[in-house]
1. Need pairs with beta-carbon distance below 9 Å; first residue on the phi < 0 side of the Ramachandran plot and within segment 105-125, second of a type in the set (Lys, Arg); sequence gap 6+ or separate chains.
2. With respect to the numbered conditions (1) of a type in the set (Val, Ile, Thr); (2) more than 20 Å from ASN37 (Cα to Cα); (3) open to solvent by 50 Å² or more (accessible area, probe 1.4 Å), which one is the sole condition not fulfilled by VAL63?
3. I'd like the residue in segment 9-46 that is among the hydroxyl-bearing types (Ser, Thr, Tyr) and farther than 17 Å from GLY135 by Cβ and, out of all such residues, is least open to solvent (accessible area, probe 1.4 Å).
4. Would you be able to tell me the number of residues in segment 93-106 that are modelled with pLDDT of 95 or more and surrounded by fewer than 19 Cβ atoms within 10 Å (Cβ to Cβ)?
5. Taking segment 36-49, which residues are within 18 Å of ALA17 (Cα to Cα) and touching a Ser or Thr at 6+ places or on another chain (Cβ under 9 Å)?
6. Does any residue in segment 63-78 that is in contact (Cβ under 8 Å) with a residue 60 or more places away in the chain and within 20 Å of LYS28 (Cβ to Cβ) come within less than 8 Å, Cβ to Cβ, of a residue that is hydroxyl-bearing (Ser, Thr, Tyr) and surrounded by 10 or more Cβ atoms within 10 Å (Cβ to Cβ) six or more places away or on a different chain, and which pairs are these?
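The values are calculated or read from the model by the stated rules, or taken from the named source; none is laboratory data. Quick caveat, the model's predicted, so the values are computed rather than measured. Heads up, the Cβs are rebuilt from the backbone with ideal geometry, glycines too, and the neighbour counts pull from every protein chain shown. Note: accessible area is taken over every heavy atom of the protein model, side chains too, but ligands, DNA and RNA are not part of it. Shrake-Rupley method; radii C 1.70, N 1.55, O 1.52, S 1.80 Å.
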Amino acid sequence: MTVIVWDGKTLATDRMANDGSQKWESSKAWYSKNKDNEVCIVSGVGWLAYIKQLSDWYLKGMVEPMPHVSPSMAQLVVVKADGLYELYHNELIKRNPPCAFGDAKDMAMGALGMGATSQQAVEVCNNFALQCGKGVELYTLQRGNDD
């Protein structure tokens, strides 16, 4: 019910959330600090409660047993200073840009393949995908504006 897009510099998300019968605006990512005190961007697709469980587990250092959250329930995405990582089972795997996650990921990848930025790719998804909308939010760890 979302789209998250990474172009190698900027993480862009749509702002629409829904419960199956209503939709509203919601942020899909947030800035945080991991156990090493590094600023990172945390996001994910799936049910928010499960994304939050995975996020808390990651931010605490991934030392406790991993929450029982299957990939069909939620997928965690983390941007650190050196790039984007996806949680795969119990480890972070670095992904090369461009990449996209969520219901409209294929549409976003098509836009990226045509030269769109992550923001433009989310705008395309907002215009044409049923599960995306309500605007675009941008997150970056570039140029010192991550405090």
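1. Correct list of pairs: THR117/LYS9; SER118/LYS9; CYS125/LYS105.
2. Unmet for VAL63, out of (1) of a type in the set (Val, Ile, Thr); (2) more than 20 Å from ASN37 (Cα to Cα); (3) open to solvent by 50 Å² or more (accessible area, probe 1.4 Å): (2).
3. Let us first name the residues in segment 9-46 that are among the hydroxyl-bearing types (Ser, Thr, Tyr), namely 10, 13, 21, 26-27, 31-32, 43.
From what is left, the residues that are farther than 17 Å from GLY135 by Cβ are 21, 31-32.
Working: SER21: 99, TYR31: 94, SER32: 30 Å².
For segment 9-46, the residue satisfying everything is SER32.
4. As a first pass, look at segment 93-106 and keep what is modelled with pLDDT of 95 or more: 93-102, 104-106.
Subsequent filtering for residues that are surrounded by fewer than 19 Cβ atoms within 10 Å (Cβ to Cβ) retains 93-97, 106.
Total meeting the criteria: 6.
5. Step one: of segment 36-49, the residues within 18 Å of ALA17 (Cα to Cα) are 42-49.
Residues satisfying the conditions are VAL42, SER43, GLY44, VAL45, GLY46, LEU48.
6. From segment 63-78, the pairs are VAL77/SER43; VAL77/TYR85.
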